[in-house]
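Since the structure comes first, as structure tokens, the remarks are kept for the end.
The values are calculated or read from the model by the stated rules, or taken from the named source; none is laboratory data. Every value quoted in this text rests on a predicted model; they were computed, and no experiment measured them. Positions of Cβ are backbone-derived with ideal geometry, glycine not excepted, and every protein chain shown enters the neighbour counts.
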Amino acid sequence: MKIAISTTGETLASELDPKFGRAQYFIVYDIEQEKISAVINNTLNVNAQGGAGTNASQLIANSGATAVISGNFGPNAFKGLNAFDIEIYSSEVQTIKEVINNFKAGKLTKVSSATVPGQH
């Protein structure tokens with residue numbers, strides 16, 4: 001299983017970025033192989049006036065992740081991730097290593113609807 005985490009950097013010491021669609025990076029963590037890779041979020045997504053959540057959802061689907069973790073998800077992100085059958089989890093801002101440990105321990109909250117309004 002692969003999980004994608006919105007982040008401010010490219011390492012396990014980086015912090016979770018609470019803005020899913022506008023995060024600078026996503027860390028994709030393969031739980032079985034215990035390997036990470038960093039994916040740069042498209043600059044257009046980061047600075048987009050709208051649609052960043054939809055575009056980021058496509059990026060996560062292309063990464064092979066079946067779950068995603070961030071602080072907040074707008075309606076477009078929520079709809080896009082659901083369309084790809086990607087499980088959605090919320091976390092407080094902490095290091096990516098702590099986020100992964102909390103996910104493995106079942107301590108993260110599964111998201112059942114958008115957590116913030118869309119940005120237009």
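Say we look at the stretch 81-120 and pick out the residues that are small (Gly, Ala, Ser) and under 14 Å from the mean Cα position of the chain (by Cα); which of these is modelled with the lowest pLDDT?
Checking each candidate, the answer is 114.
Could you pull out the residue among 87, 10, 15 that is under 21 Å from residue 114 (Cβ atoms) and surrounded by fewer than 20 Cβ atoms within 10 Å (Cβ to Cβ)? Break it down stepwise before answering.
Working: 10 fails: under 21 Å from residue 114 (Cβ atoms); 15 fails: under 21 Å from residue 114 (Cβ atoms).
So the residue among 87, 10, 15 that is under 21 Å from residue 114 (Cβ atoms) and surrounded by fewer than 20 Cβ atoms within 10 Å (Cβ to Cβ) is 87.
State which residue is modelled with the lowest pLDDT when the search covers only the stretch 39-63 and only residues that are among the small types (Gly, Ala, Ser) and within 19 Å of residue 88 (Cα to Cα).
It comes out as 51.
Could you check the stretch 18-38 and list, in sequence order, the residues that are buried (at least 22 other Cβ atoms within 10 Å of the Cβ) and modelled with pLDDT of 95 or more?
26, 27, 29
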